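Below is one structure, written out as structure tokens; the observations come after it.
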Amino acid sequence: MFVGEDESYNPAESLTLDQGLRSSLAWSTVFKQQVLGFIVGKKNYLVHEVMDMRRRTTTPREYATDLTITPYNNVGIIISCYIIGDSTCGQRALYLVGMTGMPIYNVNNNCSTGSTALFLAKQIIESGNAECVLALGFEKMERGSLSPKFLDRTNPLDRHVETMAAVAGFCDSPVPSQLFGNAAVEHMAKYGTKPEHLAKIAYKNHKHSVNNPYSQFQEEYTLEQILASPRIFGPLTKLQCCPTSDGSAAAILASEDFVHLHGLEGQAVEIVGMEMATDLPSTFDENSCMKVAGYDMTKTAAEKLFSKTTYKPEDVHVVELHDCFSANELITYEALGLCEPGKAGDFIDSGNNTYGGRVVVNPSGGLISKGHPLGAT
């Protein structure tokens, strides 16, 4: 989720932010929020990050000991984020670290849950209501693909599914794979993209994963193996889909005054800007599976962010983006402005999405390799 400007960036060396990332783009998307942000040098700071994307025996108290920043009671507010679980899971998890009476908020926002916590933490600090905020994400997933939990009420994605079905039909494949797979089918029909382009994205991400010891899967596959893996929906095969994963992650944000007071300048990374967007009328009104999957939402967040900073898409050298399926990475290239609309295929074929190209996308291996525990990603 956090990346730097140097193309020599090694995710194995960047899983904590003590090494000091200098310029970055961080974002996460799904239905129905989009959070997009730059991280660079001072004012509102991300001062420490601890990640555990695999099952570990480390206890919350041991994690707290590892956070060498300041005592736990200096944290003013905590934002806990998860999808699957009863209310107030954040309190239950954090009471093991310490009980100071601080406010604990619980956030549920699908795949952007972790980014939403980060966004809210930044806003809380900017409002003056806290000098130091902990964003904590965790998830113990259920087996298999995501599915509805409450069948006695309206599904939050009913309009998205209905719009998709009206355009492309509906089948018994997992619904998320249909939503993103049909976005890929639309891109292929509109711009001539091939299934091989989607497979090349998965090939790249699996290749990157071998450098990331925190990745759930750290195995490189050939393009032929990816194309030949079991078909999930449309052009999407199994090795182009993120796995079911358990995991957790945490980030501490602080004000500039807090950073100076505690001598944390050496490990602080400024959050220059973040933007959050949700669906626009075009999601449902334009009969586009790409827009149902969030294309316009991503584009809107990116444009708002770049308009408020001195940076442009061409200034970004490393990106971690939401590749729940290779299809979403493909359409996101264009929505973020990394390439022109319709040019994602050329962008992929030229190698401009990996080391040696214009921008390194998902050097961590992406969700396709490292897993997708929703509240933690």
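The values are calculated or read from the model by the stated rules, or taken from the named source; none is laboratory data. Just so it is clear, the structure is predicted and the values come from calculations on it, not from any experiment. Please note: Cβ atoms are built from the backbone with ideal geometry, for glycine as well, and neighbour counts cover all protein chains shown. Only protein heavy atoms, including side chains, enter the accessible area calculation; ligands, DNA and RNA are left aside. Shrake-Rupley method; radii C 1.70, N 1.55, O 1.52, S 1.80 Å.
Using a 1.4 angstrom probe on the protein heavy atoms only, line up 214, 82, 203, 105 by accessible area, largest first.
Largest accessible area first, the residues go 105, 203, 214, 82.
Compute, for residue 290, the solvent-accessible surface of its heavy atoms (probe 1.4 Å) with the complete set of protein chains present, and express it in square angstrom to the nearest 10.
Accessible area of residue 290: about 10 Å².
If each residue of separation counts as 0.36 nm, what is the full-extension length gain between residue 246 and residue 159 once their alpha-carbon separation is subtracted?
Values: separation 87, 0.36 × 87 = 31.32 nm, distance 2.89 nm.
Here the segment from residue 246 to residue 159 would lengthen by 28.4 nm.
Please list, in order along the range 114-125, the HN-Hα scalar couplings obtained from phi with the Karplus expression 6.51 cos²θ - 1.76 cosθ + 1.60 (θ = phi - 60°), rounded to whole Hz, x for Gly and Pro.
Each residue of the range 114-125 in turn: x, 5, 5, 4, 5, 4, 5, 4, 4, 5, 4, 5 Hz.
Kindly flag which residue pairs out of 194/304; 238/370; 122/308; 194/291; 190/343; 122/204 have an alpha-carbon separation exceeding 21 Å in this structure.
Violating the 21 Å limit, Cα to Cα: 194/304; 122/204.
Let me have the relative contact order for the range 165-296, percent, based on Cα pairs under 8 Å that are six or more residues apart.
Contact order relative to length: 32 percent.
Taking square-rooted eigenvalues a ≥ b ≥ c of the alpha carbon gyration tensor, is the range 122-242 rounded, prolate or oblate, where a/c under 1.5 means rounded and, failing that, a/b exceeding b/c means prolate?
Verdict is oblate for the range 122-242.
Roughly speaking, what is the stretch gain from residue 231 to residue 87, that is 0.36 nm per residue apart minus the C-alpha to C-alpha distance, in nm to one decimal?
Extending this stretch completely gives an extra 48.2 nm.
Would you kindly find the accessible area of residue 167, with a 1.4 Å probe and non-protein molecules such as ligands, DNA and RNA excluded, rounding to the nearest 10 Å²?
Around 70 Å² of this residue is reachable by solvent.
Could you give the accessible area per residue of the range 187-272, probe 1.4 Å, as a whole number in Å²?
44
Calculated FRET efficiency, residue 211 and residue 314, Cβ-Cβ r, R0 25 Å, to nearest 0.05? Let's see the in-between values first.
On the way: r = 25 Å, r/R0 = 1.02.
My answer for the efficiency is 0.45.
Kindly write out, for the range 268-277 in residue order, the coupling ³J(HN,Hα) from the Karplus curve 6.51 cos²θ - 1.76 cosθ + 1.60 (θ = phi - 60°), rounded to whole Hz, with x marking Gly and Pro.
Rounded to whole hertz, the list is 8, 10, 6, 8, 6, x, 9, 10, 10, 9.
How large, in percent, is the carbon and sulfur part of the accessible surface of the range 213-332 at a probe radius of 1.4 Å?
53
Using the Karplus curve 6.51 cos²θ - 1.76 cosθ + 1.60 with θ = phi - 60°, what ³J(HN,Hα) values do you get for each residue of the range 103-110, in whole Hz, with x for Gly and Pro?
3J(HN,Hα) across the range 103-110, in whole Hz: x, 10, 9, 10, 10, 10, 8, 6.
For 136, 118, 146, 227, what's the largest-to-smallest order of accessible area, 1.4 Å probe?
146, 227, 136, 118
Compute the distance in nm between two label points, each set 7 Å from the Cα along the Cα-to-Cβ direction, one at residue 151 and one at residue 105.
Reported label-point gap for residue 151 and residue 105 is 3.5 nm.
By the gyration tensor of its Cα atoms, with a ≥ b ≥ c the square roots of the eigenvalues, what is the shape of the range 69-138: rounded for a/c under 1.5, prolate for a/b over b/c, or oblate?
oblate
Rounded to the nearest 20 Debye, what is the dipole magnitude of the range 197-252 about its Cα centre when Lys and Arg each give +1 and Asp and Glu each give -1 at the C-beta?
Values: 5 positive and 4 negative charges, 41 e Å.
For the range 197-252, the charge dipole is close to 200 debye.
With every protein chain left in place, what is the accessible area of residue 84 in Å² (1.4 Å probe, nearest 10)?
Estimated to the nearest 10 Å², residue 84 gives 50 Å².
From largest accessible area down, sort 262, 372; use a 1.4 Å probe on the protein chains.
Correct descending sequence by accessible area is 262, 372.
Please compute the contact order of the range 166-224 in relative form: average sequence separation of alpha-carbon pairs under 8 Å and at least six residues apart, divided by the residue count, as a percent.
Relative contact order here is 21 percent.
I'd like to know which of 295, 307, 280 lies farthest towards the positive end of the charge dipole of the range 195-323, counting +1 on Cβ of Lys and Arg and -1 on Cβ of Asp and Glu.
Of the candidates, 295 comes out farthest on the positive side.
Set the Förster distance to 45 Å, then compute FRET efficiency between residue 167 and residue 349 from the Cβ-Cβ distance, nearest 0.05.
So the FRET efficiency works out to roughly 0.95.
Suppose each label sits 7 Å from its Cα in the direction of the beta carbon; what would the residue 126-residue 222 distance come out to in nanometres?
5.0
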